[in-house]
Amino acid sequence: MATYDLTPRIGPNLDRHLVFPLLEFLQERQLYPDEQILKAKIELLNKTNMVDYAMDIHKSLYRTDDVPQDMVDRRVEVVARLKALEDAAAPLVTFLQNPNAVQELRADKQYNLQMLNDRYQIGPDQIEALYQYAKFQFECGNYSGAADYLYQYRALCTNSERSLSALWGKLAAEILMQNWDIALEELNRLKEIIDSKSFSSPLNQVQSRIWLMHWSLFIFFNHDNGRTQIIDLFNQDKYLNAIQTSAPHLLRYLATAFIVNKRRRPQFKEFIRVIQQDQCSYKDPITEFLACVYVNYEFDGAQKKMKECEEVILNDPFLGKRVEEGNFSTVPLKDEFLENARLFIFETYCRIHQRIDMGVLFEKLNLNYEEGERWIVNLIRNSKLEAKIDSETGTVIMEPNQPNVYEQLIDHTKALQGRTYKLVGQLLEPAQAQPAC
Amino acid sequence: MASKFWTQGGSDTEEEETDIEDEIENGGAGETTAAAAGSRYLQTNASDSDDSDGQKRVVRSAKDKRFEEMASTVDQMKNAMKINDWVSLQESFDKINKQLEKVMRVTESDRVPNLYIKCLVMLEDFLAEALANKEAKKKMSSSNHKALNAMKQKLKKNNKQYEELINKYRENPESEEEKFEDEDEDEDEDESGSELEDPSQIAAESSDEDDEGEDVDDDDADGAWEKKLSKKEKLMDREFKKDPSEITWDTVNKKFKEVVAARGRKGTGKFEQVEQLTFLTKVAKTPAQKLEILFSVISAQFDVNPGLSGHMPINVWKKCVQNMLVILDILVQYPNIVVDDMVEPDENETQKGADYDGTIRVWGNLVAFLERIDNEFFKSLQCIDPHTREYVERLRDEPLFLVLAQNVQEYLERIGDLKSAAKVALRRVELVYYKPQEVYDAMRQLAVLSEDGEKDGDETKVEETRGTSAFVVTPELVSRKLTFPENSRALMDILVTLIYKSGDERTKARAMLCDIYHHALFDEFSIARDLLLMSHLQDTIQHMDVSTQILFNRAMAQVGLCAFRVGLIAEGHGCLSELYSGGRVKELLAQGVSQSRYHEKTPEQERLERRRQMPYHMHINLELLEAVHLICAMLLEVPNMAANSLDAKRKVISKTFRRLLEVSERQPFTGPPENVRDHVMAATRALCKGDFQKAFDVINSLDVWKLLRNRESVLEMLKAKIKEEALRTYLFTYCFSYDTLGLDQLTKMFDLSDAQIHSIVSKMLVNEELHASWDQPTRCIIFHDVEYSRLQALAFQLTEKLSILAESNERAVEARFGGGGLDLPLRRRDNQEYAAGTAGGGGGRWPDLSYNQGRQGSSGRAAYTGGGRPLALGQASRDRSSQSRGTGGYSGRAGSGMRGYQMDASARMVSLSRGVRG
């Protein structure tokens, strides 16, 4: 089942620290041998300052109490560096920890800098030190500290590049602390900067967008309102193009979001087109499911894909989030997905059929007869479906859905008025402008 | 009287001939008849010596024949002199000049034959004599007198060119004569059997001379070259015959300046100059000087090329490549020498010897030379008839150039001139991009083979260098071997990456196009498409030069073919239809000149167009292209026509196809298909009836399919597509006749699986192309009758007309104000165009347009006829983008599914491009 695992493709677009949750998840699902994952973890930790953690893993991996010398050395080094940075940033940190002093800060950045410089002898060097210290804290795994410092750093920082990377750091820290609401705010702030800032090359901008989208996965699939927002973000032209060109695997998440989210129908059609054209560059059961239902109209295939989707969702670190309820855990997204997917198949099926044998239908929907009949009755009662059940022959009969001639006529002519007005407006515009001259 | 008669006999206007005949009739004197006959014989003999040759029927080499012609002309002149006939003398003089050109071409030498010089001297003397004799002059007839004066001027002008030789001849007529014979002889040898070159003869010939035998490769042609050279060197040698130690940098420099100064002057033999310079390279004292002279040698070699349209003689080209390699050798050996064309180097810069430490600047531009060499190679391939062996031989020289380019590129990369390196890389890319893997492999093998062959040559070469007294010996430092990656893709990737990094705009654009072409050639449609869209070449191509536009057209054609091969019919059609809409494919791809009915091209335009032509081996097969285009159009258009059988004009996908179909339908009888077009039309007729088998059989019988590498799979795909479209057409056409239609029956009819048919029909149902629905328990399609009442139908027509009215208004406004925010009208332009075009024979619009452009071109800079199309391509893509924008409003309309389907494809191509731009 590891074939559909996206970790290798997502990983490079994340911060080192953000990969940990993914590895934890994989370990839990046991898709890969434990050893491999532990090794990967050590590999990951090598470049960070979480040496203690790395040592623990090393011990459990090789079942020894010895740790390699370089790890020990590194630990010493890290501690020393931490100390040094702490000293460097100390004046500012003490200042910031003093609530009275902090109140003296105002909204005006220049004033603040001036004030700090004059009254506390805190210059740019100290501020820079704060940034380094925060970064170091983050690398040591002290996310909450890092988040605080970075927040304060941003208030004082004048360098926009630095400010941006501080924002990235803050976002990562918030994600790792699972403060989804704050993380979402940071995300939006970052998005605005990325969209408005002029990058040295379009490629950099695309890359930033890709990162942003990958990081946002953590937030969107944990935040209550995330499933709508993921569509809002990913489905923007600029972001969709970034996905298409550089990270087609993100289509899985967008597709899932579309399936579980019923309110986004207009964009959905566009999205189907995207799925269709990107079939050559990326496919997994979820996108294939959509292709089956909306492109090829292969309902048997769709049903098969639906089963595969279940597996994929369970094994995906973002989609397969578990909720513990009493004794047993469920994956809420999975149930929602299946329910909606079923509805998709059924809807499309009904659109092109006049009469359907319920037995066959329920087989396609993975339902038993009783359950299915109830389901359909409910649909009819909620007037989602214009149909009747012929229980003698065991079929559903669709009401013929003829487009009304008059409606069509209205459709055709509706736009004309608007166009004419626009035309007149355009004609008059220069005419009005001329007398003014 | 007699003299006058003769005079008239000499000139050859018809009138005078009849005069003669009159006289004969009148006089009836036998003598006159004989004389007339004689004169006429003489005349014919003079005008066309082939006739007299015909009597003997001796097979002679072309050169001999030319010489003989010349000799006979000289005889004739002598005759004319005897009778003091200046009119015929003047004619003969013109003729001999023409013959001289021929002789020079045949012998490929720059030496004027002595016969000619002799003749000039004779004429000069005679002229002086005639001018001196004033009494005789007075007696002359008016026409004769006029001719004399004209001759005086002509001869003066002409003789100036050969002044030197004439003087030489006057000094020493005998030896020159002898020499002429001598040369004639050994030139004969070159012609006839230089393969069996007799080494002893060379030795004999060069024994008394100081044979410098420079390092030529052991090509047959060059053997001859060498010999001639040694002859020439005699002259030079006289100056440098002294003890080598006496030759100083100054003497060489002086001589060099002298030779260079003579360049371009009248009377300077181009070959001669090359030889003199080549000799100088050997006596050059410092490497820098040698380099400087070598650059001049190469420029002089470029000068040899007679005109813009002709190409450089092949042996000269090869020498040129060798010289370039020697230059590189020197540059590699002495890294302190810098080649630069920006600064004027110091006069005595090259005096600095090999042991000089600082940088030495030498004027020259490696890239320009390399590009020129490449251009000459390209030109020679353009000129040579592709069906001859010569062409193949010429193609074999390609590795030679590639070696050079590779070395130059390496050198430039080493000295850090990446911009120039990118230019060179582009030249390499342009030699590789159109080669499929098979051809590439063949080229690699050829390179390996020629290496083996060269090994023997190398040994002798080494000896030669040792034997010569060249002052600056240049060891072969630069490798003469080609290093190729296994895969042409790998090579392309390396080169293209370099270009993308450091090339200028044009280089990058061209490299990108080559890259696209190459990807398309290897069936990687999606990559090619993404590259095309992300580079935004479609938007900018109309601002580029014609040759890049042609490259763009070629790439588009190849992408179209690729799309077809991988089964993307709509995309394939999208790429190709633009190319075919004007009926000027040949011109757009630069694969031949197409005649247009509507206007004649000026000779200027024609010449430019001919210069743009692609060499034959780079051609994209036009029949295949046409077949693919028409088949794509057929697959899209036939169901479309069936769907909109009531108002066929409204939704046209391929205008070209529609027009062809109309033409073929108008024919009273349809014979068996002959060309591609007939085949597709026959297939279309079958497809319209839903007879997929026949349609496929007809298309399968085309013999262009053998050109495809993966023929089976493509045909398989094609068959599946035809089945599908046949099913769709059948349903569209006959849906009115059925109430229900069983799935099983369709399965049998179209030889498709249940699932496929279900899928296809479902798609049609969802797109509302077909008013029907499935009845699942009985497995059949139930058609719904949608019949409008008369009132309703009229109401629809009214709304239709209203929207057309609104659109034409919008267009009018757009035309007035330049159409800022109006995106709607563009969408419909195609259709309107078609409606307007059908009246005037459809395509009447394009030739008009190109005519205007052509006129502009001929008056302004380079004629631009080829540029017309890519411009249209660009426009079309913009049109398409607005189409896709407009889909939203129109998708609701019943029956617009087909259009929407097509738009999907185009929108896909455009939306990507829009996005990346944003």
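Read the figures in this text as sums done on the coordinates, not as results from a lab. As the structure is a prediction and not an experimental result, all values here were calculated from the model. In this analysis, Cβ positions are derived from the backbone assuming ideal geometry, glycine residues included, and neighbour counts consider all displayed protein chains.
Per-structure values
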read-out	value
Mean residue ellipticity (222 nm) of chain A, computed from DSSP H runs ≥ 4 via -39,500 (n - 2.57), nearest 500	-22500 deg cm²/dmol
Normalised per residue, the volume of the convex hull around the Cα set of segment B:623-783 (Å³)	119 Å³
Percentage, to the nearest whole number, of Cα pairs in segment B:675-763 over 23 Å apart	27 percent
Coarse-grained scattering of segment B:62-171 at q = 0.15, 0.16 Å⁻¹, given as base-10 log I(q)/I(0) from a Debye sum over alpha-carbon atoms	-0.63, -0.72
Span from the segment A:326-398 Cα centroid across to the segment B:620-695 one, whole angstrom	45 Å
Pairs beyond 22 Å (Cα-Cα), from A:262/A:305; B:78/B:146; B:65/B:319; B:98/B:154	B:65/B:319
Between helix A:143-156 and chain A: long-axis angle, C-alpha atoms, 0 to 90°, nearest 10	80 degrees
Residues A:6, A:82, B:630, sorted so that the one with the fewest Cβ neighbours within 10 Å comes first	A:82, A:6, B:630
q = 0.15, 0.18 Å⁻¹: log10 I(q)/I(0) that the Debye formula gives for segment B:705-827, counting C-alpha atoms only	-0.84, -0.93
Computed FRET value (nearest 0.05) for residue A:72 with residue A:336, which takes r as the C-beta separation and R₀ as 60 Å	0.75
Cut-off under 5 Å, modelled amide H: who pairs with residue B:780 long-range	B:743, B:775
Cross-link pairs A:304/B:723; B:379/B:586; B:257/B:282 - those with Cα-Cα distance over 21 Å	A:304/B:723
Positive-pole candidate from B:158, B:104, B:70, dipole of segment B:62-171, charges at beta carbon	B:158
Fewest-first sequence of B:715, A:23 by Cβ atoms within 10 Å of each Cβ	B:715, A:23
At most 10 other Cβ within 10 Å, DSSP loop - GluC sites (Glu not before Pro), segment A:1-66	none
Unit Cα scatterers, Debye sum, segment A:353-398: log10 I(q)/I(0) for q = 0.20, 0.24, 0.30 Å⁻¹	-0.57, -0.84, -1.24
Nonlocal amide H pairs with residue A:395, under 5 Å, H built at 1.01 Å	A:358, A:390
Other-chain or far-sequence residues with amide H under 5 Å of residue B:338's (modelled H)	B:360, B:361, B:362
Per principal axis, descending, Cα span of chain A in whole Å	85, 85, 40
Karplus-derived HN-Hα couplings along segment A:281-296 (A = 6.51, B = -1.76, C = 1.60, θ = phi - 60°), whole Hz, x at Gly and Pro	8, 8, 8, 9, x, 5, 5, 5, 4, 4, 4, 4, 6, 10, 10, 9
For segment A:197-210, Karplus couplings with θ = phi - 60° (6.51, -1.76, 1.60), whole Hz, Gly/Pro x	6, 8, 8, 5, 9, x, 4, 4, 5, 4, 4, 4, 5, 4
Hz values of 3J(HN,Hα) by residue in segment A:15-30 - Karplus curve (6.51, -1.76, 1.60), Gly and Pro given as x	6, 3, 5, 6, 6, 4, x, 5, 5, 4, 5, 4, 4, 5, 6, 6
Of every Cα-Cα pair in segment A:123-282, the percent that sits beyond 27 Å	31 percent
Relative exposure of B:562, B:575, judged by other C-beta atoms within 10 Å (fewest first)	B:562, B:575
